[in-house]
Amino acid sequence: MPLLPSRISRRALIAAAPALLLPRAGLAALLPTPPATEGPFYPDPLPAEQDNDLVKIEGAVREADGEILDLTGTLSDASGRPLPGVRVEIWQCDANGVYLHPGSRGAGGRDPAFQGFGHAVAGADGSFAFRTIVPVPYPGRTPHIHVKLLQGGRELLTTQLYIAGHPQNARDWLFRRLSPAEQAAVSLELKPAAERAAFETAVRLVVAA
């Protein structure tokens, strides 16, 4: 990176500030996160506990089955500006492949220690965090986590997140519909976690204007 001149006038800095703070014309916008179907198993009914820790339910004698995953992320618009205050919802099947929904296959065998649904509110920098489990496959679908973004009751985006490189991705009809760039945008790179989770991952969600 070239160094700035050692002597630069205060007036010049003030004049240059708008150009430094605002995106330059011609710069490519961030790729919006591709939308995906909500699916048939949005939780019904919603659980009494809806915090951002899906692994531990108050009063439960154990944590949920499955490998614990610390999922963090950031929200922004296509220009890179953070989206604070947005409600981030996630839901997924439990370690047995069962959703928090009466129509889910094998609903009688659902893990009662898994919350199945949770929400967080994005911070001032657009950040959010969840404690959940590594998603598992069930008949007809590769592992995935559903995500919905809401602002003032208005839906901004509904999408699905996948495990990068999972062998079932190539056979999943929703994943295959995405372009390579879109697939990369919704793929989670799982890394071993050091403390109370088995894995950790991060994602950037970009909302189109």
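Quick notes on this one:
- Computed from the C-alpha gyration tensor, the three semi-axes of the ellipsoid equivalent to the chain are 37, 19, 17 Å, from longest to shortest.
- Amide H within-cut-off set for residue 118, under 5 Å, with H built and near neighbours excluded: 90
- Portion, in percent, of the accessible area of the chain that falls on carbon or sulfur, probe 1.4 Å: 58
- For the stretch 192-209, 3J(HN,Hα) computed residue by residue from phi via the Karplus equation (6.51, -1.76, 1.60; θ = phi - 60°) reads x, 9, 8, 10, 8, 10, 6, 9, 9, 7, 9, 9, 10, 9, 10, 9, 5, 5 Hz, glycine and proline entered as x.
- Theoretical ellipticity at 222 nm over the chain - DSSP helices of four or more residues, -39500 (n - 2.57) apiece, nearest 500: -2500 deg cm²/dmol
- Neighbour cut-off at most 11 other Cβ (10 Å), DSSP loop, trypsin sites (Lys or Arg not before Pro), the stretch 24-115: 24, 62
- Here is the P(r) of the stretch 36-132: all C-alpha pair distances, binned every 5 Å from 0, give 3, 13, 21, 21, 19, 11, 7, 3, 1, 0 in whole percents.
- Whole-Hz couplings from phi, Karplus 6.51/-1.76/1.60, listed for the stretch 32-41; x for Gly and Pro: x, 5, x, x, 8, 4, 5, x, x, 10
- Of the trypsin sites (Lys or Arg not before Pro) in the stretch 154-209, those whose Cβ has at most 12 other Cβ within 10 Å and which sit in DSSP loop: 177, 196
- Accessible surface of residue 44 - all protein chains present, 1.4 Å probe, nearest 10 Å²: 80
- Added length on full extension, which subtracts the Cα-Cα distance from 0.36 nm per residue, residue 184 to residue 171: 3.1 nm
- Sequentially through the stretch 133-142, phi angles give Karplus couplings (6.51, -1.76, 1.60; θ = phi - 60°) of 10, 4, x, 10, x, 9, x, x, 9, 6 Hz, Gly and Pro residues having no value and appearing as x.
- Bridges between two residues of the stretch 77-209, per DSSP, are antiparallel at a rate of about 90%.
- Taking all protein chains together, 179, 187 sort by accessible area into 179, 187, largest first [probe 1.4 Å].
The values are calculated or read from the model by the stated rules, or taken from the named source; none is laboratory data. Only a predicted model underlies this, so the values are computations on that prediction, with no experimental measurement involved. Don't worry about glycine lacking a Cβ; one is built from the backbone with ideal geometry, like all the others, and counts go over all protein chains shown. These accessible areas exclude ligands, DNA and RNA; they are computed on the full protein's heavy atoms, side chains included. Shrake-Rupley method; radii C 1.70, N 1.55, O 1.52, S 1.80 Å.
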